[in-house]
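The structure appears right after this line, and notes come after that.
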Amino acid sequence: MILIEKLNQKLQSNLKPINHESLNKTFVGYSNLYQQSVFVKQFAKEQGCYTEETVTRQMND
């Protein structure tokens with residue numbers, strides 16, 4: 001099973017991919033599980049998640 005199928009099954013959604021320059025994979029759609037629109041990002045490298053988390057934390061400080 002491919003990634004988007006797994007996400008759609010877990011989130012009870014119909015996610016659509018978003019094209020982006022980065023190597024990350026991004027998807028948006030409505031999740032019946034959460035009863036709202038969701039944005040999902042899969043980072044190309046594990047370090048990318050930590051970097052984005054750090055930058056977001058600094059922006060919120």
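Things worth noting here:
- Residue check, Tyr30 within 13 Å of the chain's Cα centre (by Cα) and not in a helix (DSSP H, G or I): yes
- Total residues in the stretch 19-38 satisfying the condition of being under 18 Å from Glu52 (Cα atoms), out of contact with any Gly (no Cβ under 9 Å at 6 or more places or on another chain) and not basic (Lys, Arg): the figure is 4.
- Subset of the stretch 16-61 (residues that are farther than 16 Å from Lys6 by Cα and β-branched (Val, Ile, Thr)): Ile18, Thr51, Thr54, Val55, Thr56
- Residues in the stretch 52-61 that are open to solvent by 100 Å² or more (accessible area, probe 1.4 Å) and part of a helix (DSSP H, G or I): Arg57, Gln58, Met59, Asn60.
- Residues that are charged (D, E, K, R), in contact with a strand residue (DSSP E or B) (Cβ under 8 Å, 6 or more places away or on another chain) and open to solvent by less than 100 Å² (accessible area, probe 1.4 Å) within the stretch 3-51 comprise just one, Lys41.
The values are calculated or read from the model by the stated rules, or taken from the named source; none is laboratory data. Because the structure is a prediction, the values reported are computed rather than measured. Counting neighbours? That spans all protein chains shown, and the Cβs are built from the backbone with ideal geometry, glycine included. The accessibility values were calculated without ligands, DNA or RNA, using every heavy atom of the protein model including side chains. Shrake-Rupley method; radii C 1.70, N 1.55, O 1.52, S 1.80 Å.
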